[in-house]
Structure formats: C-alpha cells, structure tokens
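A quick write-up on the structure given underneath.
Please treat every number below as a calculation from the coordinates, not as lab data. Keep in mind that what you see is a predicted model, and the values were worked out from it rather than measured. Every residue, glycine as well, gets a Cβ built from its backbone with ideal geometry; the counts of neighbours run over all protein chains shown.
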Amino acid sequence: MENCIFCKIIKGEIPCSKVYEDDKVLAFNDINPEAPVHVLIVPKTHVRSIMDLNEDGYLLISHVFKVASKLAKDLNIDEKGFRVVNNIGENGGQTVPHIHFHLLGGRLLQWPPG
Ligand code: 5GP
Ligand code: ZN
C-alpha cells in the first residue's frame, strides 16, 4: 500500500528497531514508547483494522497473539503482566491505518485507559 508508513517499514524503506520477524508479522519498538516495553506487532499484509479481515486474517490475528506471548517471555514482562492493545478507528485512537497490536509492559498500566 503506497503512503502507508507501516508498509514502508515492512518493505525496509523506513528503518525501525526490529524485535522479531517471521513470514507473517514484523515487530519493532514504538518510536514514542508509552512504557519501558512498547513493541508494535504488525501483520505484513496491509489491512486497516479487524473490521476488514477475511478468514485467513483471523488466523493471522491468532498468530499475532502467539508472537505477543513469545515476546512477553523474551522481554521478561510475562511474570508481572502486560497488555496487548489494538486501537480501531478515530474514537479508538488509531493513528496509523494499518492493523497493529501494541505490546506494553515493564510498569503498572492504568485501567481503564483515558
Ligand atoms: P495507533 O495510535 O495507531 O494505535 O498506534 C500507532 C503507533 O505507531 C503509535 O504508538 C506511534 O508512536 C507509532 N509510530 C508511528 N509512526 C512510527 C514510525 O515511523 N516508527 C515507529 N517505530 N513507530 C511509529
Ligand atoms: Zn500498510
């Protein structure tokens, strides 16, 4: 997708601080971290949000959670707990229109969010 910042990162046209990659997802550190661990797990296929997924897309999201659990262990946030967040649309606070999941941890996270 042209002009999509996450597609450009996935293609290597814009640099990122890569944490994990496989054939389906790329995970990298958020440029503006909200917690000591703030990783974005981004499916490599350009889809705006969960509202646009097909059946393969739902399987892909299952894979995202598998990667989130692996990264939580690798980054040592699994024991104290962490959060996986998916913002959708304007009211949901989505600023990049390419589906992604925030993996946040390393501090006590407030609930409910603002
Ligand atoms: P959203 O608000 O859409 O759920 O999250 C988008 C996230 O992407 C934000 O936390 C923002 O800091 C991050 N972000 C936006 N542009 C870039 C970028 O070019 N590189 C990286 N690493 N993160 C970005
Ligand atoms: Zn994209």
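Distant-in-sequence amide contacts of Tyr20, defined by a placed amide H-H separation under 5 Å and a gap of 5 or more residues or a different chain, comprise Ala27. Taken one residue at a time, the phi angles of segment 83-96 give Karplus couplings (6.51, -1.76, 1.60, θ = phi - 60°) of 9, 10, 10, 10, 8, 10, x, 4, 5, x, x, 6, 10, 10 Hz. Gly and Pro are set to x.
Return one number: the angle in degrees, 0 to 90 and rounded to the nearest 10, between the long axis of the Cα atoms of helix 55-74 and the longest principal axis of the Cα atoms of the chain. Orientation of helix 55-74: about 30 degrees from the principal axis. Once you've got the GNM for the chain with C-alpha springs shorter than 10 Å, pick whichever of Lys70, Lys24, Lys11 has the biggest mean-square fluctuation. Most flexible of the set in this elastic network: Lys11.
Full extension of the segment from Asn54 to Ile88, taken as 0.36 nm per residue of separation minus the current Cα-Cα distance, would add 10.6 nm. Pairwise Cα distances in the chain exceed 24 Å for 22 percent of all pairs. Taking a straight line from the alpha carbon of Lys80, these aspartates and glutamates sit under 19 Å away, with near neighbours fewer than eight places off in the same chain left out: Glu34.
Ignoring GluC sites (Glu not before Pro) that are buried or in helix or strand per DSSP, and keeping those with at most 16 other beta carbon atoms within 10 Å, what is the longest stretch of the chain between them?
Of all site-free stretches, the longest is 35-78.
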